Amino acid sequence: MTGESLEAETVLELAGVSRSFGGAVPVRAVDDVSLTVRAGEIVALVGSSGSGKSTLLALMGALDVADLGAVRIAGHDVSGMTDAHRSAVRARFVGFVFQQFFLLPTLSAVENVALGLLYTGTDARTRRSRAALALERVGLGARLAHRPSQLSGGEQQRVAVARALVGEPSLVLADEPTGALDSVSGAGVMRLLQSVAGRGTAVVVVTHDREIAGALDRRIVLSDGRILSDETRRVAAAHAAGVGSPSETEGHV
Amino acid sequence: MGELRASTGGCVAPSRLRHIDAWRTALSGIRSRSTRSVLSSLGIAVSIAALTAILGLSASNQADVLADLDAQGANLVVVTPVVGVDGDAAELPSSAPAMVARMPAVESVAVLRSVPREMHAYRNDLVPAGESNGLTVAAVDPGYFAAVGAEFGAGESFGEAGRALPEVVLGHEAARLLGVDLLGVDPLGVDPLGVDHAAQRIWVGSEWYAVSGILDPRPRVAGLDTSVLLGDAWAEQRLWSDHDASHIISLTMRVRAESLDTVRRMLAPTVDPSNPRTVSVSNPSALVATRAIVDDSMSVLVAGLAAVALLVGAIGIANTMVVAVLERRGEIGLRRALGARANHIARQFLLECIVLSGVGGIVGWAAGAVVVGVATTVNGQVFVLPLASAALFPGVAVIVGVLAGLQPATRAARVPPTTALKAG
């Protein structure tokens, strides 16, 4: 990352976060994780399946509550919050992108995007105009009235990205956003997410695709719920060297 | 987008969903499963239609029965003297008609007076005296016919002018037995065709009487159909020998239906304050009560069926909702991710129930009203459907729908967002 982004504000902060599941012998899906993500950063969260990536992503987005530790999103500690307040944090500060898009099939593209503002109490007219703007921003300005079934997979995922962005969140969390796409569409979506980060939003992308992870500035490797490595590289160096070598490290393990 | 947010450690306002948006969301949820929604709504509609039809039909029926009974004389009370030990009917006091007319709930009083017992009516003067056909001859004032609600099938009342003349009005059966039909007779008595006027007169006692009118059948007024009624002034002048006697053999009163019981209780002392026990008062309301009981037992039966239909409708809605919650886990997860609270999710499903059952209730009420309309038109009855049912029945439907949707909605709200998203 460049020097100016180091001065950028911390959007996401996890301190000693743990989350267990199960009954008699609980499994620690996330074990004592601490990390910070700043505005404008794009982070790859990688690891084998069952490493706790998705659980960690849910904790980062206040969809789930940690058993131990603190999660701070845009300065708000969500750990002790009621459902109503935690939901408000999601509505105002977090945008989610999922592998399966989760577009509602009976709604048009612009209506799907407008859903991103539904729980902020914004009125319908404003929701719609902002949704149209968000769709233009992802290059789908000509597809406002299309149903999801009339769009390609890549277009559908861009609609989903627009829905995540429409509320102008501080943090975008993407869970395998290219998992259901061909490589060309996938690359397009990744470029889109990188441009989102370029405008100052913190982006965390869960992926098991090494190529995608390698193209991002920072890579956090998770194994058995713990952070194995957390490396940040200069974009320029990464581009020049192909795979690139770590020049800066921000490990918290 | 580019702007950096300041780290505000303070409170966040709870996420909120506008009411209008909650309704829109519910509607779009219903539209996304239109067939199933229509079917589950239909279950409610059928039961509400049944309830509405029962209510309307029984109300229309009851109104019809009441109107019919009123027309027939259910609101007529007849006062007669108690028959004495010697078999001779006593007379009512001559003050009785005036006293009774003064009672506030009494709308009209008709007085029937006796004629000498040996007076009978015959087709003509050649018929043997024994063949009296069981017809009753009595004297009345011209207002009698209107007071008992009798209508003229032919001709008219003898009127004030004929009151003191040898003219008669015949009951329907009496006219048939005496062979009088008044066909071809001009009501004014002018007969350009020269029809034999002898056919339009009868022999009563020992004199000819002109027939001025024939009544329609009216079985509710006992004995009227077989009566031969002549004017009371004529009787006074020509028939009665004892001019001190009242000659009143019955009083027929039209009473306001709601005061029937009160009037009946006060009648005997009013008619004859000194000897109330010699006065007999008829009880027409027993008939009304009987008809009402028959109606009610029918209503209970069909209302039971409608309740079963309502239960089935509720199960339909509950089923639709349970399936919807299972099917739409992904959507639930998405909405939670977009900032919906658990109770926003519950509210969405409950509103869907309210819309489904409310629409079912309104459509059902309208369908029931149409059924009542058709049935009453076909039966020639009055259309009666209490207006309150238009609010009440859809209201009942909504309550049933909410009860049916409560469990699925709560379950939808309780699904952890992460679990819901995995299901998608």
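For the range A:112-129, enumerate the residues that are within 8 Å of chain B (Cβ to nearest Cβ) and either among the β-branched types (Val, Ile, Thr) or more than 24 Å from residue A:179 (Cα to Cα) (or both).
If the condition is that a residue be within 8 Å of chain B (Cβ to nearest Cβ) and either among the β-branched types (Val, Ile, Thr) or more than 24 Å from residue A:179 (Cα to Cα) (or both), then A:118, A:119, A:120, A:121, A:123, A:124 are the ones that fit.
Mind checking which residues of the range B:29-50 are within 11 Å of chain A (Cβ to nearest Cβ) and buried (at least 16 other Cβ atoms within 10 Å of the Cβ)?
Answer for the range B:29-50, where residues must be within 11 Å of chain A (Cβ to nearest Cβ) and buried (at least 16 other Cβ atoms within 10 Å of the Cβ): B:29, B:30, B:32, B:33.
Among the numbered conditions (1) out of contact with any Gly (no Cβ under 9 Å at 6 or more places or on another chain); (2) part of a loop (DSSP other than H, G, I, E, B), tell me where residue A:136 comes up short.
Going through (1) out of contact with any Gly (no Cβ under 9 Å at 6 or more places or on another chain); (2) part of a loop (DSSP other than H, G, I, E, B) one by one, residue A:136 breaks only (2).
Looking at the range A:130-158 only, could you name the residues that are among the aliphatic types (A, V, I, L, M) and more than 14 Å from chain B (Cβ to nearest Cβ)?
A:132, A:135, A:140, A:142, A:144, A:145, A:151 - these are the residues of the range A:130-158 that are among the aliphatic types (A, V, I, L, M) and more than 14 Å from chain B (Cβ to nearest Cβ).
Is it fair to say residue A:161 is away from chain B (no Cβ under 12 Å), under 17 Å from the mean Cα position of the chain (by Cα) and modelled with pLDDT under 95?
The answer is no for residue A:161.
Counting only residues that are polar (S, T, N, Q) and within 11 Å of chain A (Cβ to nearest Cβ), which one in the range B:316-365 is nearest to residue A:57 (Cα to Cα)?
B:343
For the range A:74-94, does any single residue satisfy the condition of being more than 13 Å from chain B (Cβ to nearest Cβ), of a type in the set (A, V, I, L, M) and touching a helix residue (DSSP H, G or I) at 6+ places or on another chain (Cβ under 9 Å)?
Looking for residues that are more than 13 Å from chain B (Cβ to nearest Cβ), of a type in the set (A, V, I, L, M) and touching a helix residue (DSSP H, G or I) at 6+ places or on another chain (Cβ under 9 Å), one finds none in the range A:74-94, hence no.
Please verify whether residue A:142 is of a type in the set (Gly, Ala, Ser), part of a helix (DSSP H, G or I) and in contact (Cβ under 8 Å) with a residue 40 or more places away in the chain, treating the condition exactly as stated.
For residue A:142, the condition - of a type in the set (Gly, Ala, Ser), part of a helix (DSSP H, G or I) and in contact (Cβ under 8 Å) with a residue 40 or more places away in the chain - is not met.
For the structure I just gave you, tell me whether residue B:89 is modelled with pLDDT under 85 and more than 14 Å from chain A (Cβ to nearest Cβ).
yes
Which condition does residue A:201 not pass, out of (1) in contact (Cβ under 8 Å) with a residue 60 or more places away in the chain; (2) in contact with a Pro (Cβ under 9 Å, 6 or more places away or on another chain); (3) more than 9 Å from chain B (Cβ to nearest Cβ), if it passes all the others?
Every condition holds for residue A:201 apart from (3).
The values are calculated or read from the model by the stated rules, or taken from the named source; none is laboratory data. Source: prediction; values computed, not measured. Because the Cβ atoms are built from the backbone with ideal geometry, glycine has one as well, and the counts that use them run over all protein chains shown.
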